[in-house]
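Okay, so here's the structure we're looking at.
The values are calculated or read from the model by the stated rules, or taken from the named source; none is laboratory data. This is a predicted model, so every value here is computed, not measured. In this analysis, Cβ positions are derived from the backbone assuming ideal geometry, glycine residues included, and neighbour counts consider all displayed protein chains.
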Amino acid sequence: MPDNGKLIELARYLMGPDSSLVDEIELAINKPHDYVGRFAKRLRLRGIRQPDNMLPWIALVDGLLERGQLEEIDWKGPPEEVQAALRRITGQQGEWAWLWDEDPEGRFASCSPGSMNSSTTRAGFSW
């Protein structure tokens, strides 16, 4: 069984004084049918029509997406897609190329999370 207390703690950390995401997660935990009814449209996009045990996590992910605090990236996408997502989330327009080294074929080869600063980590990028 997932530790929903830790999930709520994470949401509080990520959202600071905005408690609306915590409210949504608590609704998913305490009244999952109400959560599914309230967010039926976005849940249908995920193929969810009724509550399941992962609903609180889905509430976190969908809530962060809705608030512009999370970006979904295709794992096979080009580095420029990662750069664009980082710019949108952090508001930093600087160059993000330091995040990877290119292999001879130009693919996304590696990431250097140790070089990330605390504001980036606070924005949701932690390894």
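Quick rundown of the values:
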| item | result |
| --- | --- |
| Meets criteria (in the same structural domain as residue 8 (by TED's automatic domain parsing), at pLDDT 95 or above and more than 20 Å from residue 4 (Cβ to Cβ)) for residue 40 | yes |
| Residue under evaluation residue 15, criteria (1) farther than 28 Å from residue 85 by Cα; (2) touching a residue at least 40 places away in the same chain (Cβ under 8 Å), criterion not met | (1) |
| Residue 16 being closer than 17 Å to residue 89 by Cα and either buried (at least 18 other Cβ atoms within 10 Å of the Cβ) or assigned by TED's automatic domain parsing to the domain that holds residue 90 (or both) | no |
| Contacts under 8 angstrom Cβ, first residue in segment 53-80 being in a helix (DSSP H, G or I), partner of a type in the set (Asp, Glu), 6 or more apart | 59/24; 63/24; 65/71; 65/72; 79/102 |
| Which listed residue is outside any loop (DSSP other than H, G, I, E, B), modelled with pLDDT of 90 or more and not aromatic (Phe, Trp, Tyr), from 89, 29 | 29 |
| Condition met for residue 22 (free of Cβ contacts under 8 Å to residues at least 12 places away in the same chain, surrounded by 12 or more Cβ atoms within 10 Å (Cβ to Cβ) and under 17 Å from the mean Cα position of the chain (by Cα)) | no |
